[in-house]
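The values are calculated or read from the model by the stated rules, or taken from the named source; none is laboratory data. Small disclaimer: the values here were computed from a predicted structure and weren't measured. Virtual Cβ from ideal backbone geometry, glycine too; neighbours counted across all protein chains shown.
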Amino acid sequence: MTEQKKVTSQVGRIDKAAAELFPNYSRSQLKQWILTGNLLVNGQKIKPKYRVKEEDLLELDRPAVQNIAVEPENIPLDIVYEDADVLVVNKPQGMVVHPAPGHPKHTLVNALLYHCPLSTINGEYRPGIVHRIDKDTSGLLMVAKNDLAHRNLALQLKHKSNVREYMALVHGRIKPDKGKIDAPLGRSPKDRKKQAVVAGGRHAVTHFEVLKRYRNYSLVKCILETGRTHQIRVHMKYIGHPLVGDPLYGPSKTIKGNGQFLHAGKLGFEHPVTHEKMIFEVPLPDVFAKTLKTLDKADAI
């Protein structure tokens, strides 16, 4: 499929101009198409540093989308609970939840499909997945093994009756012991890879409680009232306390780990069949726990 756009008033680097003219695609994807020659200027292949001029004609020949074959993979799982209807798994940091362009294999879904049947409501790429956590966030996820369970668990999320508590290490000392962040979230107008607090965005509420203060950091418990993309990461940055190690929303000078220090440590829901109230908790991953021990010695108040 070929799309053509003419530069009218935009000037500057080709990747920035292309992102404004072709808003349905991310800047990184457009840059890749510049390198592969799928995005031409005046019929010519150009370099990412090319600066557009008024009346330049940008021609995007978008490659055909490749279908992703979701195949079961024998990947070890840390299963916290399982019965005929639901499964609770402790996802390790660094694992993508479901296949997508750029991550077609080695995801949690690939591992789950090898282990057991899953619900079909979310289609072939997200079977069983009722809610997600980011690749570099560790912790608990509930998984539906059949469609009846999936519908019930999804309804609990909608009605905000679940328990979802996270541990987060953030930059700076938070002054109040507790707080509520009520700020709408949507795609950032400056960077399509990011979420941001935006007027007219989706309703998003995060509650937080400070568990421990260091000289330069705070350990907080975050409780989700809603579950938007990157919610805790964006909300904590919004109040001036971005997550430690966050490559997308945090500062460049930070404690090195394997991404943001964010762990979904507590999960609760009503069993979709027995209606039993179920609560699960898992400890912090090693890298998180070791970092806190280091701060206890090096950054204690």
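If only one of VAL88, VAL143 is crowded, with 22+ Cβ neighbours inside 10 Å, under 20 Å from the mean Cα position of the chain (by Cα), of a type outside the set (Gly, Ala, Ser) and not in a helix (DSSP H, G or I), which one is it? Steps first, answer last, please.
On the way: VAL88 fails: crowded, with 22+ Cβ neighbours inside 10 Å.
Matching residue, one of VAL88, VAL143: VAL143.
The set of residues from the range 8-53 being basic (Lys, Arg) and in a loop (DSSP other than H, G, I, E, B) comprises LYS45, LYS47, LYS49, LYS53. Which of (1) under 19 Å from GLY268 (Cβ atoms); (2) of a type outside the set (Ser, Thr, Tyr); (3) modelled with pLDDT under 95 does ARG164 not meet, given it meets every other one? Of the numbered conditions (1) under 19 Å from GLY268 (Cβ atoms); (2) of a type outside the set (Ser, Thr, Tyr); (3) modelled with pLDDT under 95, the odd one out for ARG164 is (3).
Does LEU155 satisfy the criteria of being among the aliphatic types (A, V, I, L, M), surrounded by fewer than 19 Cβ atoms within 10 Å (Cβ to Cβ) and over 21 Å from the mean Cα position of the chain (by Cα)? Spell out the reasoning first.
Details: among the aliphatic types (A, V, I, L, M): yes; surrounded by fewer than 19 Cβ atoms within 10 Å (Cβ to Cβ): yes; over 21 Å from the mean Cα position of the chain (by Cα): yes.
When the stated conditions are applied, LEU155 passes them.
Listed residues HIS103, HIS98; which is surrounded by 15 or more Cβ atoms within 10 Å (Cβ to Cβ), more than 19 Å from TYR25 (Cβ to Cβ) and either of a type in the set (Val, Ile, Thr) or free of Cβ contacts under 8 Å to residues at least 60 places away in the same chain (or both)? It is HIS98.
Hey, can you tell me all the residues within the range 282-292 that are outside any loop (DSSP other than H, G, I, E, B) and free of Cβ contacts under 8 Å to residues at least 40 places away in the same chain?
So in the range 282-292, the residues outside any loop (DSSP other than H, G, I, E, B) come out as 286-292.
Hits for the range 282-292 are ASP286, ALA289, LYS290.
Name every residue in the range 247-263 that is surrounded by fewer than 24 Cβ atoms within 10 Å (Cβ to Cβ), in contact (Cβ under 8 Å) with a residue 12 or more places away in the chain and not aromatic (Phe, Trp, Tyr), in order of residue number. Lay out the reasoning, then the answer.
So in the range 247-263, the residues surrounded by fewer than 24 Cβ atoms within 10 Å (Cβ to Cβ) come out as 247-259.
Applying the additional criterion that residues be in contact (Cβ under 8 Å) with a residue 12 or more places away in the chain yields 247-251, 254-255, 257-259.
If the condition is that a residue be surrounded by fewer than 24 Cβ atoms within 10 Å (Cβ to Cβ), in contact (Cβ under 8 Å) with a residue 12 or more places away in the chain and not aromatic (Phe, Trp, Tyr), then PRO247, LEU248, GLY250, PRO251, THR254, ILE255, GLY257, ASN258, GLY259 are the ones that fit.
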